[in-house]
1. Does anything in segment 27-57 have its amide N under 13 Å from the 7 Å Cα→Cβ label point of N69, and if so which residues?
2. Roughly what percent of Cα-Cα pairs across segment 1-61 reach past 14 Å?
3. Identify all lysines with a Cα-Cα distance to K126 below 16 Å; exclude those on the same chain that are fewer than 8 residues away in sequence.
4. Only residues of segment 45-79 count here: report those whose backbone N is under 20 Å from the spot 7 Å along Cα→Cβ of D25, or say none.
5. Taking only C-alpha pairs under 8 Å that are 6+ residues apart, what is the relative contact order of the chain in percent?
6. Straight-line reach from K67: which aspartates and glutamates have Cα under 14 Å away, leaving out those fewer than 8 places along the same chain?
7. Run through every distinct alpha carbon pair of the chain and return the Kirkwood hydrodynamic radius in angstroms, one decimal place.
8. Of R42, R71, R174, which has the largest mean-square fluctuation in a 10 Å C-alpha GNM of the chain?
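Throughout, read-outs are computed from the coordinates displayed, never taken from laboratory work. Please read all numbers here as calculations on a predicted model, not as lab measurements. No Cβ is skipped: glycine too gets one built from the backbone with ideal geometry, and neighbour counts run over all protein chains shown.
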Amino acid sequence: MGYAIEGKLLEACSCGAPCPCWIGDDPDGGSCDSLLAYHYDRGQINGVDVGGLTLALAIQIPGNVLKGNWRIVAHVDSRATPAQKEVILGAHTGKFGGPLADLAPLIGEVAGVYDVPISFHVEQGKGSIVVGDSMNAEMAPYTDAQGRPTTMVNTIFSTVPGSPAYVGKASVLRTSIPQHGMTWSFGGRNAILADFRFEA
């Protein structure tokens with residue numbers, strides 16, 4: 001068992017930019033409401049091809065990110081077969097070890113799991129995602145004078161361990177999952193864009 005996956009990450013949350021969670025500080029306002037999505041460009045998990053699929057998580061973080069007790073609602077790409085869904089959820093809950101398993105202990109509750117259409121696009125550093133009727137976000141990275149994306153590396157916390165994270169801002173972040181008490185809408189807040197390559 002194991003995985004070798006490559007793809008892109010989009011993250012947007014209620015914190016100002018850049019998000020203090022990435023350096024281990026408390027979130028702005030004391031808690032963090034977040035969208036986190038992994039899109040697999042290519043790769044396999046436990047021998048099952050997951051290329052082209054996306055996992056999107058709505059997350060409530062009640063305090064410091066490193067103290068865990070996250071509450072999440074998972075959305076799996078509706079194009080995934082039962083076998084693909086099983087290994088995707090397994091990898092992100094720590095079943096297959098590796099860097100994804102390091103994040104799994106931070107999850108305190110999985111409030112729900114849904115199969116929904118997910119539209120994921122990242123081009124030239126700009127990203128957008130639509131997760132059924134539940135979530136959507138649009139974001140773009142900060143850049144230097146030459147137009148190169150601003151990055152964070154060697155941070156104490158990362159959802160893309162081993163990869164640089166591109167610091168950005170979300171012009172739109174909307175979540176509407178009232179059945180689980182997750183409803184929020186923000187503009188001009190933190191966003192993270194990144195490429196990832198994980199193996200276990």
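1. 31-32
2. 61
3. The qualifying lysines are K8, K169.
4. Inside the label zone: 61-68.
5. 25
6. The reachable aspartates and glutamates, counting only those whose Cα sits under 14 Å from K67, are D25, D26, D102, E109.
7. 16.6
8. R42
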